[in-house]
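Undergrad: The structure's right below; bear with me while I get my questions together.
The values are calculated or read from the model by the stated rules, or taken from the named source; none is laboratory data. Quick caveat: nothing in here was measured; it's all calculated off a predicted structure. Using ideal geometry, Cβ is built from the backbone for each residue, glycine included, and neighbour counts are taken over all protein chains shown.
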Amino acid sequence: MLLENFWLNLFFILLISYLIGSLPSAYIAGKIKAVDMKYRVSKNVGSMNTFPSVGKFAVVLVTIADFSKEPLQHSLAPGSPAMNLFHCWL
């Protein structure tokens, strides 16, 4: 646990998890290569749009970053009942 107070701890875990999940890794990869992902190919920021816009290596990095978000969020609350709901991803 991060803090001793249950509700404050829950609030911070939810806040940090939301912020981790909201990081657009494909958009960041596009900005590194100076490509505006919102106006390319399918006009969608995602790993499928990253391939034709940025390249193969960026797709691999974006996919790894996207799949790493959930285990990172689960590591914030080990032993939580919510951990049992999403065990298929770990």
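Undergrad: Can you tell me which residue within the range 1-10, out of those that are in a helix (DSSP H, G or I) and exposed (fewer than 13 other Cβ atoms within 10 Å of the Cβ), is modelled with the lowest pLDDT?
TA: Within the range 1-10, the match that is modelled with the lowest pLDDT is PHE6.
Undergrad: Give the range 12-34 a look and list any residue that's at pLDDT below 85 and either farther than 18 Å from LEU72 by Cβ or more than 13 Å from the chain's Cα centre (by Cα) (or both), or say none.
TA: PHE12, ILE13, LEU14
Undergrad: Here is a follow-up. Every residue in the range 24-43 that is part of a loop (DSSP other than H, G, I, E, B) and loosely packed, with under 12 Cβ neighbours inside 10 Å, please.
TA: The answer is ALA34, ASP36, SER42, LYS43.
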